[in-house]
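Working notes, beginning with the structure itself.
The values are calculated or read from the model by the stated rules, or taken from the named source; none is laboratory data. Treat the numbers as computed from the prediction; the structure is a model and nothing was measured. Neighbour counts run over all protein chains shown; Cβ positions are idealised from the backbone, glycine included. SASA here: full protein model, heavy atoms, side chains in, ligands and nucleic acids out. Shrake-Rupley method; radii C 1.70, N 1.55, O 1.52, S 1.80 Å.
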Amino acid sequence: MYTISDIARLTGISAYTLRYYEKIGVLPDPTRQEGRKNGIRRYSDQDLRFIRFIHGLKQTGMKLEEIAAFVQEGCLLADDYPVMHVDETLKKRIEILDEHLEHLEKQMQQLEAVKNFTLEKRAFYVNLQAQRGPIK
(Lines give C-alpha, C1' and ligand atoms only; values in the text may rest on other atoms or scores of the structure.)
Protein backbone atom coordinates (compact mmCIF):
# COMPACT_ATOMS: atom_id res chain seq x y z
CA MET A 1 0.00 0.00 0.00
CA TYR A 2 1.10 3.53 -0.79
CA THR A 3 0.54 6.85 0.95
CA ILE A 4 -0.38 9.99 -0.95
CA SER A 5 3.24 11.16 -0.76
CA ASP A 6 4.38 7.83 -2.25
CA ILE A 7 1.89 8.23 -5.10
CA ALA A 8 3.01 11.83 -5.65
CA ARG A 9 6.64 10.74 -5.88
CA LEU A 10 5.89 7.79 -8.18
CA THR A 11 3.62 9.70 -10.57
CA GLY A 12 4.94 13.24 -10.49
CA ILE A 13 1.50 14.51 -9.48
CA SER A 14 1.52 16.66 -6.35
CA ALA A 15 -0.42 15.54 -3.29
CA TYR A 16 -2.43 18.76 -3.61
CA THR A 17 -3.44 17.85 -7.16
CA LEU A 18 -4.33 14.28 -6.14
CA ARG A 19 -6.63 15.65 -3.43
CA TYR A 20 -8.14 18.09 -5.93
CA TYR A 21 -8.74 15.28 -8.44
CA GLU A 22 -10.55 13.32 -5.72
CA LYS A 23 -12.64 16.36 -4.84
CA ILE A 24 -13.86 16.95 -8.42
CA GLY A 25 -14.40 13.26 -9.20
CA VAL A 26 -11.42 12.64 -11.48
CA LEU A 27 -10.12 10.10 -8.96
CA PRO A 28 -12.34 7.94 -6.80
CA ASP A 29 -11.94 8.27 -3.04
CA PRO A 30 -9.09 6.07 -1.85
CA THR A 31 -9.37 3.67 1.04
CA ARG A 32 -8.44 5.18 4.37
CA GLN A 33 -6.31 3.82 7.17
CA GLU A 34 -8.49 1.84 9.57
CA GLY A 35 -11.54 2.90 7.53
CA ARG A 36 -11.73 6.28 9.24
CA LYS A 37 -13.21 9.17 7.27
CA ASN A 38 -10.15 11.34 7.89
CA GLY A 39 -7.65 8.49 8.05
CA ILE A 40 -4.46 8.43 6.00
CA ARG A 41 -5.11 7.67 2.34
CA ARG A 42 -3.93 4.24 1.20
CA TYR A 43 -3.43 3.35 -2.44
CA SER A 44 -2.96 -0.08 -4.00
CA ASP A 45 -0.89 -1.05 -7.05
CA GLN A 46 -4.14 -0.99 -9.02
CA ASP A 47 -4.80 2.58 -7.80
CA LEU A 48 -1.28 3.56 -8.86
CA ARG A 49 -1.81 2.14 -12.38
CA PHE A 50 -5.15 3.94 -12.65
CA ILE A 51 -3.66 7.25 -11.49
CA ARG A 52 -0.88 6.90 -14.06
CA PHE A 53 -3.50 6.23 -16.74
CA ILE A 54 -5.53 9.28 -15.70
CA HIS A 55 -2.35 11.38 -15.63
CA GLY A 56 -1.54 10.20 -19.15
CA LEU A 57 -4.99 11.25 -20.35
CA LYS A 58 -4.50 14.68 -18.79
CA GLN A 59 -1.00 15.09 -20.21
CA THR A 60 -2.26 14.33 -23.70
CA GLY A 61 -4.94 17.00 -23.56
CA MET A 62 -8.08 15.33 -22.27
CA LYS A 63 -10.16 17.80 -20.26
CA LEU A 64 -10.75 17.12 -16.57
CA GLU A 65 -14.51 17.06 -17.18
CA GLU A 66 -14.08 14.27 -19.74
CA ILE A 67 -11.77 12.35 -17.43
CA ALA A 68 -14.28 12.71 -14.59
CA ALA A 69 -17.07 11.41 -16.86
CA PHE A 70 -14.87 8.47 -17.85
CA VAL A 71 -14.11 7.69 -14.20
CA GLN A 72 -17.75 7.99 -13.13
CA GLU A 73 -18.83 5.65 -15.91
CA GLY A 74 -16.20 3.16 -14.78
CA CYS A 75 -17.23 3.38 -11.15
CA LEU A 76 -20.75 2.49 -12.21
CA LEU A 77 -19.41 -0.68 -13.82
CA ALA A 78 -17.59 -1.63 -10.64
CA ASP A 79 -20.69 -1.28 -8.47
CA ASP A 80 -23.65 -3.62 -8.53
CA TYR A 81 -24.90 -1.82 -11.59
CA PRO A 82 -28.08 -3.04 -13.28
CA VAL A 83 -27.15 -5.31 -16.17
CA MET A 84 -29.44 -3.40 -18.53
CA HIS A 85 -27.23 -0.29 -18.19
CA VAL A 86 -23.86 -2.00 -18.60
CA ASP A 87 -23.94 -1.86 -22.40
CA GLU A 88 -24.77 1.85 -22.29
CA THR A 89 -21.91 2.50 -19.85
CA LEU A 90 -19.44 0.47 -21.92
CA LYS A 91 -20.51 2.32 -25.05
CA LYS A 92 -19.96 5.69 -23.35
CA ARG A 93 -16.46 4.71 -22.13
CA ILE A 94 -15.52 3.46 -25.59
CA GLU A 95 -16.79 6.72 -27.15
CA ILE A 96 -14.73 8.81 -24.70
CA LEU A 97 -11.59 6.83 -25.50
CA ASP A 98 -12.28 6.84 -29.26
CA GLU A 99 -12.59 10.63 -29.21
CA HIS A 100 -9.38 10.91 -27.24
CA LEU A 101 -7.55 8.57 -29.60
CA GLU A 102 -8.72 10.73 -32.50
CA HIS A 103 -7.38 13.80 -30.70
CA LEU A 104 -4.05 12.03 -30.07
CA GLU A 105 -3.78 11.03 -33.72
CA LYS A 106 -4.22 14.66 -34.77
CA GLN A 107 -1.61 15.75 -32.22
CA MET A 108 0.82 13.12 -33.54
CA GLN A 109 0.29 14.30 -37.12
CA GLN A 110 0.90 17.90 -36.07
CA LEU A 111 4.03 16.94 -34.17
CA GLU A 112 5.30 14.90 -37.10
CA ALA A 113 4.80 17.90 -39.40
CA VAL A 114 6.69 20.17 -36.99
CA LYS A 115 9.44 17.57 -36.63
CA ASN A 116 9.81 17.28 -40.42
CA PHE A 117 9.94 21.05 -40.83
CA THR A 118 12.56 21.28 -38.06
CA LEU A 119 14.66 18.58 -39.71
CA GLU A 120 14.46 20.42 -43.04
CA LYS A 121 15.53 23.70 -41.43
CA ARG A 122 18.38 21.98 -39.60
CA ALA A 123 19.58 20.36 -42.84
CA PHE A 124 19.45 23.74 -44.55
CA TYR A 125 21.59 25.36 -41.86
CA VAL A 126 24.04 22.45 -41.73
CA ASN A 127 24.41 22.68 -45.51
CA LEU A 128 24.87 26.46 -45.33
CA GLN A 129 27.47 26.05 -42.62
CA ALA A 130 29.34 23.43 -44.71
CA GLN A 131 29.43 25.85 -47.67
CA ARG A 132 30.83 28.66 -45.52
CA GLY A 133 33.48 26.53 -43.84
CA PRO A 134 34.21 26.09 -40.13
CA ILE A 135 32.71 28.61 -37.70
CA LYS A 136 35.39 30.78 -36.08
Under 8 Å between Cβ atoms, at least 6 apart or on separate chains: pull out the pairs that start in segment 32-56 with a residue that is in contact (Cβ under 8 Å) with a residue 40 or more places away in the chain and end on any residue that is polar (S, T, N, Q) and open to solvent by less than 60 Å² (accessible area, probe 1.4 Å). ARG42/THR3; ARG42/GLN33; TYR43/THR3; LEU48/THR11; ILE51/THR11; ARG52/THR11; HIS55/THR11
First in segment 1-30 and at negative phi, second anywhere and open to solvent by 60 Å² or more (accessible area, probe 1.4 Å) and among the acidic types (Asp, Glu), Cβ under 7 Å, 6 or more apart: GLU22/ASP29
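Sort out which residues of segment 106-136 are farther than 30 Å from THR60 by Cβ and among the aromatic types (Phe, Trp, Tyr), and write them in order of number.
PHE124, TYR125
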Among the residues of segment 18-63, how many are assigned to a loop (DSSP other than H, G, I, E, B) and either charged (D, E, K, R) or touching a Phe, Trp or Tyr at 6+ places or on another chain (Cβ under 7 Å) (or both)? 6
